[in-house]
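The values are calculated or read from the model by the stated rules, or taken from the named source; none is laboratory data. The model shown is predicted, which means the values in this text are computed figures rather than measured ones. Neighbour counts are summed over all protein chains in view; Cβ atoms, including those assigned to glycine, are modelled from backbone coordinates with ideal geometry. Note: accessible area is taken over every heavy atom of the protein model, side chains too, but ligands, DNA and RNA are not part of it. Shrake-Rupley method; radii C 1.70, N 1.55, O 1.52, S 1.80 Å.
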Amino acid sequence: MLAGKKILLAVCGSIAAYKTAFFVRLLVKEGAEVKVIMTESAKDFITPLTLATLSKHPVHSDYFDEKSGEWHNHVELGMWADLILIAPLSANTLGKMANGICDNLLLATYLSAKCPVMVAPAMDLDMYQHPTTQQNLKKLQSFGNEVIEARDGELASGLSGQGRMAEPEELLEIIKKKFANSEALKGKKILITSGPTFEAIDPVRFIGNHSSGKMGTAIADAFRNAGAEIIMVSGPAAHLPNHGKVIKVNSALEMLNEVKGHYDNSDVAVFSAAVSDYRPENPAKEKIKKKEDTLQVNLVKNPDIAAEMGKKKKKQFHVGFALETNNEAVNAKEKLKKKNFDLIVLNSLNDQGAGFKQDTNKVTFFDKDNNEQSFELKSKVEVAQDIVNYVIEKLK
Ligand code: C5P
């Protein structure tokens, strides 16, 4: 089942590190190729010799070998892996990952990795419940990392509660499932629009919106995890995928142009960009000077990218979004038809935790066969997974 799969196991300093010996054995038995990175404090709990022997590869901890001077390239390690699993993940490494700190080989590898990253935290129950820990875990999820929640049970401290790392057998099952899903959309090309558009008023000002690109990036990550090839056309967004082909644009017209160029080759098109409906008719060539008390900027309608592609649609499966404040379901269904979407994802600004810049979203799916499905408030990463699961079913 895991034959030929390259798994990079990163071990932090937690008592649960002792379980990684069993876990490495299970992975190797399943045919996986396993390399191990350890933090310095992980070595207090289990020896590198044990994990090197079981994984059949030298264990990496430092950037270079002090004796031979051999350089351990973190970029190469990250590129080598099909999957990075950080297990056990300590509160310390979690805090560093959530904040971009890079003071050891494990963190440098994490930062440069392009493959999916999963983490299995392990710590005492109060540490696990601490708002910082919970916030940091949410942050990792917002980066597209998958969190394997700590389990309930007896802890090394003698206390009992949530904090135990998932057992090796359980981790193995999760990884197997992950790899099975990772082939579901193999060979499929997914075109995604994301982020806001900026429409120039003059060389320094623009009309824009609050879209952060979080949802589009989560969608790109979820499709990548299902084995698909990503082409993203994004406006100026704070969040972009670190994989696939990412084309950066500013305006709706530029976005349309790039979408047209990549559309024919795509199998699925996801329109998650918050495209400005209007643009200044004649952007000024020079910065507009402050003169009169009022200023008129004439706006003209932008093309509707989703609707234009909807007219061209042949084999493609189209997913669109609707952000509504009133008459939500009726408006969403109308848009589904008008723009020739196969699925429309409604998020209502009336729902707390949904919308721009948030890490969470509360959505309802409407599809062209009149099916309707409402979801509870979830992280954008989970919403993205629901969308991808839906597409996988439909493309079967
Ligand atoms: O009509 P409305 O802007 O609410 O429709 C939202 C959907 O249409 C989203 O999927 C969005 O990405 C897409 N859209 C587009 N081009 C526009 C406006 C919206 O692709 N100019």
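What's the center-to-center distance, using Cα atoms, between region 200-272 and region 1-73 in Å?
If you average the Cα positions of each part, the centres end up 37 Å apart.
Most mobile of 87, 200, 218 per a Gaussian network model of the chain (Cα springs, under 10 Å)?
Of 87, 200, 218, the Gaussian network model singles out 200 as fluctuating most.
Averaged over every viewing direction, what's the projected area of the C-alpha convex hull for the chain? Give it in nm², one decimal, please.
Its Cα hull, projected and averaged over all orientations, spans 23.5 nm².
At a Förster distance of 41 Å, what's the computed FRET efficiency of residue 170 paired with residue 369, Cβ-Cβ distance as r, to 0.05?
The value I calculate is 0.65.
Sorted by mean Cβ packing within 10 Å, highest first, what order do the peptides 118-124, 129-135 take?
Descending mean neighbour count gives 118-124, 129-135.
From the gyration tensor of the Cα coordinates in region 151-284, what semi-axes in whole Å does the equivalent ellipsoid have, largest first, with each one equal to sqrt(5λ)?
Ellipsoid semi-axes (Å, largest first): 41, 21, 8.
So how compact is region 117-181: Cα radius of gyration and Dmax in angstrom?
Using the Cα atoms of region 117-181, the pair Rg, Dmax is 12.6, 38 Å.
Report the extension gain between residue 299 and residue 395 in nm, rounded to one decimal, defined as 0.36 nm multiplied by the number of residues separating them, less their alpha carbon distance.
Stretched out fully, the residue 299 to residue 395 stretch lengthens by 30.5 nm.
Helix-derived [θ] at 222 nm for the chain: sum -39500 (n - 2.57) over DSSP H runs of at least 4, divide by residue count, nearest 500?
Theoretical 222 nm ellipticity from helices: -9500 deg cm²/dmol.
When Rg is the radius of gyration of the Cα atoms in region 244-287 and Rh is its Kirkwood radius, what does Rg/Rh come to?
1.05
Using a 10 angstrom Cβ neighbour count of at most 13 plus a DSSP loop assignment to flag exposed GluC sites (Glu not before Pro), which longest range of the chain is free of such sites?
Of all site-free stretches, the longest is 184-280.
Along each principal axis of its Cα atoms, how long is region 94-204 end to end? Whole angstroms, biggest number first, please.
65, 37, 26
What share of the DSSP beta bridges in region 6-181 is antiparallel, in percent to the nearest 5?
25
May I ask which of 314/368; 35/214; 56/189 have a Cα-Cα span longer than 26 Å here?
35/214; 56/189
At q = 0.21, 0.25, 0.28 Å⁻¹, what log₁₀ I(q)/I(0) does region 12-69 have when each alpha carbon counts as one equal point scatterer in the Debye sum?
Evaluating at q = 0.21, 0.25, 0.28 Å⁻¹ gives log10 I(q)/I(0) of -0.78, -1.01, -1.17.
Once you have the alpha carbon radius of gyration of region 149-215, what is it after dividing by 2.2 N^0.38 Å, with N set to its residue count?
That works out to 2.11 for region 149-215.
Measure nothing but the geometry: give the 0 to 90° angle between the long axis through the Cα atoms of 214-225 and the longest principal axis through the Cα atoms of the chain, rounded to 10°.
Tilt relative to the chain: about 50 degrees.
Are there trypsin sites (Lys or Arg not before Pro) in region 59-166 that DSSP marks as loop and that have at most 12 other Cβ atoms within 10 Å, and which are they?
Loop-located and lightly packed - 67.
Quick one: plug the Kirkwood hydrodynamic radius of region 241-364 (C-alpha pairs) into Stokes-Einstein at 10 °C, 1.306 mPa s, and report D in µm²/s.
D, rounded to a whole number, is 94 µm²/s.
Using the heavy atoms of the protein chains alone and a 1.4 angstrom probe, what is the accessible area of the chain per residue in square angstrom?
That works out to 50 Å² per residue.
Heavy atoms only, probe 1.4 Å: what % of the accessible area of region 6-181 goes to carbon and sulfur, would you let me know?
Carbon and sulfur: 54 percent of the exposed surface of region 6-181.
Compute the helix-to-body angle for 328-338: its Cα long axis versus the longest principal axis of the chain, expressed 0 to 90° and rounded to tens.
Helix 328-338 sits at roughly 70 degrees to that axis.
Nearest 0.05, what FRET efficiency do residue 99 and residue 210 give at R0 = 25 Å with Cβ-Cβ as r?
Calculated value: 0.55.
Straight distance only, please: which aspartates and glutamates reach the Cα of residue 335 with their own Cα at less than 17 Å, same-chain residues fewer than 8 apart left out?
Partners within reach: 277, 304, 308, 324, 367, 369, 372.
Hey, how much of the P(r) for region 31-164 falls beyond 18 Å, as a percent of Cα pairs?
57
Run the numbers for residue 135 and residue 29: contour at 0.36 nm per residue of separation, minus the present Cα-Cα distance, in nm.
34.6 nm
Using only Cα atoms, locate the centre of region 129-183 and the centre of region 277-350, then give the distance between them in Å, rounded to an integer.
Answer, in whole Å: 39.
To check you understand DSSP bridge types, tell me what percent of the beta bridges within the chain (both residues inside) are antiparallel, rounded to 5.
Of the beta bridges lying entirely in the chain, close to 30 percent run antiparallel.
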